[in-house]
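Below is one structure, written out as structure tokens; the observations come after it.
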Amino acid sequence: MSRLLAPSQSWLFGRGVDLSVFAGSALVSVALVLAAPWLGAVGDTPAWAWVVLVVCVDVAHVWSTLFRTYLDPAALRERPGLYLGAPLAAWLGGVAAYQLSAGAFWTLFAYVALFHFVRQQYGWVALYARKARVTDLERRLDAAAIYAATVGPVVWWHANLPRSFWWFVEGDFLPGLPRWVGTLALALHAGVLVVWVTFQALRVARGEGLQLGKVSLVGATWVAWFGGIVLARDDFAFTVMNVVLHGVPYFALLFRYARGRDAEGRYGVASDILRAGLPGFLLFLVALAFVEELLWDRLVWHERAGLFGSVGLQLDADVLALVVPLLALPQATHYVLDAFIWKPGREPALLARLGWATRRVEEGPPSGTSRESVMAIPARNE
């Protein structure tokens, strides 16, 4: 067994959390899909599953970005242009797209979301590479494996439209890709993953062992994307595979960050929420997600009267062009901000808040002042 384990595992959150949020998410997804006939979830996603998966995981994880941004007074003071400009630009872009047509808006939104989902998986593997200080070759192989596991099935999906499920609304992805392109994409995707697995086997043979967290991440990504796109035959299977692996690790990231930031003090209302621990953190996010979906249903969809009531407004097309991008703003802002807020080079304290670095107070001038710096924690076995 010791030969299989790398001398330094370089967990992101710790052994139990890493394996739970990555491998555990994939296993739960597979179990739910296999149990679908007994759960009454074959075909369209039933109401209970929609609440659990879409509201409590997918939409709620979007709102968790608040703990990194708008709930933090210090963050707002530091980058007001970004936090004001991102939602404004997203809303104006959405309005412009909706003015062309509702279809143009949803197509644009679907591809932005897809890009975000792919990049998030790459971000996780890049974090593992940073902590483990891997070679350039291994870094490139890890990146290739993640992109193969995500982009390959997506290209195949485009070559096999229409399917019995879609990203946001029916017809949001653009059709017309020849089927042979999808087959080629899966072949390339398999080839890259075989090379990556071979490299991991060579690590074991050389006595270097496996980075279990990273391996579980790549394996979970392959299971979720291949299973949820290529093998999936209905909306429930796609939804389960699509949202659990994306949302659950992000909850772990934001909760870890929020606790680290709270320890510094002056965290505003976020500190009050965190006093209730993880349950308070999650309940706050689920409440926001429920309100968002209530507004979507009352103003746009009118599909879930049993959950949100039958009272709603029938809006004209010109009003919808303003309202739909506004309701989509939490997700759109989350997509934009996520590309900026996780860069430790710009904000060294980020690593300390996540528990991936330690603060060191250095002696200042003779006046007795001091200054605080951040020192990376060496990779270690936890």
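Protection proxy ranking, highest mean first, for peptides 212-222, 347-357, 184-194: 212-222, 347-357, 184-194, where packing is the per-residue count of other beta-carbon atoms within 10 Å, averaged. Of the three principal axes defined by the Cα atoms of region 135-246, the extents in descending order read 49, 29, 20 Å. Model label points for ARG119 and VAL28, set 7 angstrom from Cα along the Cα-to-Cβ axis, are 2.6 nm apart. What the Cβ-Cβ distance of ASP318 and GLU170 gives, at R0 = 22 Å and to the nearest 0.05, is a FRET efficiency of 0.40. For LEU210, the residues 5 or more places off, or on other chains, whose built amide H falls under 5 Å of its own are LEU5, ALA6. Charge dipole (Cα centre; +1 on Lys/Arg Cβ, -1 on Asp/Glu Cβ; no other charges) of region 84-210 amounts to roughly 380 debye.
For PHE115, neighbours were defined as the other residues whose beta-carbon sits under 14 Å from its Cβ, and their charges (Lys and Arg +1, Asp and Glu -1) total -1. Under the criterion of Cα pairs below 8 Å and six or more residues apart, the relative contact order for the chain equals 31 percent. Stretched out fully, how many nm does the piece from ALA305 to ARG133 gain, at 0.36 nm a residue minus the Cα gap? Extending this stretch completely gives an extra 56.7 nm.
Given a Förster distance of 25 angstrom, what is the FRET efficiency for ARG275 paired with LEU39, based on the Cβ-Cβ distance and rounded to 0.05? Spell out each step's value before the answer.
On the way: r = 36 Å, r/R0 = 1.43.
Efficiency computed from Cβ-Cβ geometry: 0.10.
Farthest toward the positive end of the dipole of the chain, out of VAL33, PHE13, VAL52, is the Cα of PHE13, where the dipole comes from beta carbon charges about the Cα centre. In terms of surrounding Cβ atoms within a 10 Å radius of their Cβ, THR183, THR65, THR150 rank from fewest to most as THR183, THR65, THR150. For ALA357, the residues whose modelled amide H falls within less than 5 Å of its own, excluding neighbours fewer than 5 places apart on the same chain, are ALA352, ILE377. Measuring how big region 15-347 is from its alpha-carbon positions, Rg and Dmax come out at 20.5, 66 Å. 3J(HN,Hα) along region 214-226, derived from phi through the Karplus expression 6.51 cos²θ - 1.76 cosθ + 1.60 where θ = phi - 60°, amounts to 5, 5, 5, 5, 5, x, 5, 5, 4, 4, 5, 7, 5 Hz, with x in place of Gly and Pro.
Of the peptides 310-318, 200-208, how do they stack up when ordered by the mean number of other Cβ atoms within 10 Å, highest first?
Answer by packing, highest mean first, reads 200-208, 310-318.
Taking amide H positions as modeled 1.01 Å from N, with prolines and chain starts lacking one, the residues under 5 Å from ASP172 and 5 or more places away or on another chain are TRP167. With θ taken as phi - 60° and the Karplus curve 6.51 cos²θ - 1.76 cosθ + 1.60 applied, the whole-hertz 3J(HN,Hα) list for region 193-207 is 5, 5, 4, 5, 4, 4, 4, 5, 5, 5, 4, 5, 4, 7, x Hz, x standing for glycine and proline.
Using the Cβ-Cβ distance between TRP180 and GLU78 with R0 = 51 Å, the FRET efficiency computed as 1/(1 + (r/R0)^6) comes to roughly 0.50.
For the chain, a simple Cβ point-charge model (Lys and Arg +1, Asp and Glu -1, everything else neutral) yields a dipole of about 1440 debye relative to the Cα centre.
Remark: region 26-40, residue by residue, has Karplus-estimated 3J(HN,Hα) of 5, 5, 4, 4, 4, 4, 5, 5, 5, 8, 3, x, 7, 8, x Hz, where x stands for each Gly or Pro and the curve is 6.51 cos²θ - 1.76 cosθ + 1.60 at θ = phi - 60°. Could you give the nm distance between label points at GLU208 and LEU92, where each point is 7 Å from its Cα heading toward the beta carbon? Distance between label points: 4.8 nm.
Each value in this text was obtained by applying a stated rule to the coordinates, not by laboratory testing. Since the model is a prediction, treat every value here as computed from it, not as a measurement. So basically every Cβ, Gly included, is an ideal-geometry build from the backbone, and we count neighbours across all protein chains shown.
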